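Data block below; observations after.
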Amino acid sequence: MSRKFLQRRSTWRGKYVDLWSVPHVISGVVIAYLLFFFDFSFYVSFWIALSIGIGWELFERITRMSRTEAYTNSLGDIATAQLGFVAAFFLLQKFNSPSMEKIIILVLCVVFGALCLLGFRAFKYYG
C-alpha cells in the first residue's frame, strides 16, 4: 500500500467518521456474534456492547492513544460500533448456517487486523 494513502489526514482522522469507523463496525459485529453465541438477550447484549464501546473510547483518551481525535469522532466510533452490533445481532437471528457464520467472523477479523495495522502505521509514520 502506498504511503500517500496512509499520509492523507482525512483518511484516518475525520470529524465524525473516518477509516477507523470500519474497524469499529466490525468490532460491533464480532461482539454481537459472541453475545448471540452465548445466548444473551438483545437488551443485555446492547448494553454490554455499548459499555465496551464507551470503555474503549475512554481507554483511548486516558492512554492518550487518540490525542488528536475529535470528541465528535469518538462519538461516531461508538455509534458505528453500535450500528454494526445491531445489524449483526438481528441478521444472526435470521442466519441458519453456523459454518458460514464462522467464516464470516474469520474474514471480518482479518479485515479488522489489516485495517488496525494500516492505521497504526499511519499513526506511527505521520502522527
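The values are calculated or read from the model by the stated rules, or taken from the named source; none is laboratory data. Not measured: the values here are computed from a predicted model. Virtual Cβ from ideal backbone geometry, glycine too; neighbours counted across all protein chains shown.
Below are the figures for this structure:
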item: Test set (1) without any contact (Cβ under 8 Å) to a residue 12 or more places away in the chain; (2) exposed (fewer than 13 other Cβ atoms within 10 Å of the Cβ) - THR72 fails condition number; result: (1)
item: Members of the stretch 82-103 found to be part of a helix (DSSP H, G or I) and over 22 Å from ILE48 (Cα atoms), listed by number; result: PRO98, SER99, MET100, ILE103
item: Residue check, LEU35 modelled with pLDDT under 85, assigned to a helix (DSSP H, G or I) and either over 18 Å from the mean Cα position of the chain (by Cα) or surrounded by 14 or more Cβ atoms within 10 Å (Cβ to Cβ) (or both); result: no
item: Check on SER66, within 24 Å of VAL107 (Cα to Cα), surrounded by 11 or more Cβ atoms within 10 Å (Cβ to Cβ) and either at pLDDT below 85 or of a type outside the set (Val, Ile, Thr) (or both); result: no
item: Residue match in the stretch 70-81 (condition: β-branched (Val, Ile, Thr) and not in a helix (DSSP H, G or I)); result: no
item: Residue match in the stretch 35-53 (condition: under 16 Å from SER21 (Cβ atoms), small (Gly, Ala, Ser) and in contact (Cβ under 8 Å) with a residue 40 or more places away in the chain); result: no
item: Residue list for the stretch 57-69, restricted to those being touching a residue at least 12 places away in the same chain (Cβ under 8 Å) and in a helix (DSSP H, G or I); result: GLU57, GLU60, ARG61
item: Boolean, ALA70 is within 25 Å of ALA122 (Cβ to Cβ) and touching a helix residue (DSSP H, G or I) at 6+ places or on another chain (Cβ under 7 Å); result: no
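For (1) among the aromatic types (Phe, Trp, Tyr); (2) farther than 20 Å from GLU101 by Cα; (3) in contact with a Cys (Cβ under 7 Å, 6 or more places away or on another chain), each residue gets a yes or a no:
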residue: PRO23; (1), (2), (3): no, no, yes
residue: ALA32; (1), (2), (3): no, no, no
residue: LEU35; (1), (2), (3): no, no, no
residue: PHE40; (1), (2), (3): yes, no, no
residue: PHE59; (1), (2), (3): yes, yes, no
residue: SER74; (1), (2), (3): no, yes, no
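Here's the yes/no breakdown for (1) free of Cβ contacts under 8 Å to residues at least 12 places away in the same chain; (2) in contact with an Asp or Glu (Cβ under 8 Å, 6 or more places away or on another chain); (3) of a type in the set (Val, Ile, Thr):
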position: THR80; (1), (2), (3): no, no, yes
position: PHE85; (1), (2), (3): no, no, no
position: PHE95; (1), (2), (3): yes, yes, no
position: ILE104; (1), (2), (3): yes, no, yes
position: CYS109; (1), (2), (3): no, no, no
position: PHE120; (1), (2), (3): yes, no, no
